[in-house]
1. Tell me which of these LYS134 doesn't satisfy, since it passes every other one: (1) assigned to a strand (DSSP E or B); (2) within 10 Å of the ligand (Cβ to nearest atom).
2. So, in region 41-81, of the ones that are in a helix (DSSP H, G or I) and among the charged types (D, E, K, R), which residue ends up surrounded by the fewest Cβ atoms within 10 Å (Cβ to Cβ)?
3. Yes or no: GLU44 in contact (Cβ under 8 Å) with a residue 12 or more places away in the chain, more than 9 Å from the ligand (Cβ to nearest atom) and of a type in the set (D, E, K, R)?
4. Of all residues in region 88-98 being of a type outside the set (Gly, Ala, Ser) and surrounded by fewer than 19 Cβ atoms within 10 Å (Cβ to Cβ), which is nearest to the ligand (Cβ to nearest atom)?
5. Residues of region 99-122 being charged (D, E, K, R) and exposed (fewer than 14 other Cβ atoms within 10 Å of the Cβ), which ones?
6. Of the conditions (1) surrounded by fewer than 17 Cβ atoms within 10 Å (Cβ to Cβ); (2) touching a Lys or Arg at 6+ places or on another chain (Cβ under 8 Å); (3) in contact (Cβ under 8 Å) with a residue 24 or more places away in the chain; (4) not in a loop (DSSP other than H, G, I, E, B), ALA31 satisfies every one except a single condition; which number is it?
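Just so you know, all these numbers are worked out from the coordinates, no wet-lab data involved. Since this is a predicted model, take the numbers as computed values, not measurements. Every residue, glycine as well, gets a Cβ built from its backbone with ideal geometry; the counts of neighbours run over all protein chains shown.
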Amino acid sequence: MRIRRAHPKDLRAIKEIDPMAKRRGHLLKQALQERGLFVLVEKERLLAFAILRRGFFERFFLELLLVHPDHRREGWGTRLIERMEKLAEAKGELWTSTNQSNRTMKRLLHARGYRQAGKIIGLDEGDPELFFVKALR
Ligand SMILES: CC(C)(COP(=O)(O)OP(=O)(O)OC[C@H]1O[C@@H](n2cnc3c(N)ncnc32)[C@H](O)[C@@H]1OP(=O)(O)O)[C@@H](O)C(=O)NCCC(=O)NCCS
């Protein structure tokens, strides 16, 4: 298993595992340019990717974490978020957010020691965005 920064040629495999990739095209390209797009590769197959940005009140912000639909609950999401936490360690905390309806991500975050830090209503109709933070030191 290898986690590395994405190359432009990874976008194709990313699009294959992310049903929303078309809508996220701009975000993915921007993250790639900013060197904030990371991929997890196992036996030469891209199994997961993450977007880590620095522009959130000068903090690290995990904008997206996505695992191949056929390989969920195998621990890949945990491996990738662990690495993002390592990268954010120097700043002492990692922030992220997810929809209130996303029980899976909320479980993962609680299991990893994140605490809820806020809620924004109105981004997605009827589904508030919950913000979480984990202290890394
Ligand atoms: C959320 C997501 C990244 C989790 O990745 P994953 O590789 O399946 O997660 P892991 O196997 O590392 O699981 C870690 C923990 O998360 C929780 N979890 C993961 N999948 C779960 C599920 N289907 N039901 C309940 N809890 C779940 C559990 O606490 C799990 O630990 P456990 O297996 O020891 O009980 C994955 O489901 C995904 O890609 N979802 C779609 C994209 C998304 O919603 N991303 C989050 C918003 S940015």
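1. For LYS134, the failing item is (2).
2. My answer is ASP70.
3. On the way: in contact (Cβ under 8 Å) with a residue 12 or more places away in the chain: no; more than 9 Å from the ligand (Cβ to nearest atom): yes; of a type in the set (D, E, K, R): yes.
No; evaluated as a whole, the condition is false for this residue.
4. To start, the set of residues in region 88-98 that are of a type outside the set (Gly, Ala, Ser) comprises 89, 91, 93-96, 98.
Add one more test, that the residue is surrounded by fewer than 19 Cβ atoms within 10 Å (Cβ to Cβ), and what stays is 89, 91, 93.
Values: GLU89: 20, LYS91: 20, GLU93: 17 Å.
Checked region 88-98; the qualifying residue nearest to the ligand (Cβ to nearest atom) is GLU93.
5. The first filter runs over region 99-122 and keeps only residues charged (D, E, K, R), leaving 103, 106-107, 112, 115, 119.
Hits for region 99-122 are ARG103, ARG107, ARG115, LYS119.
6. (1)
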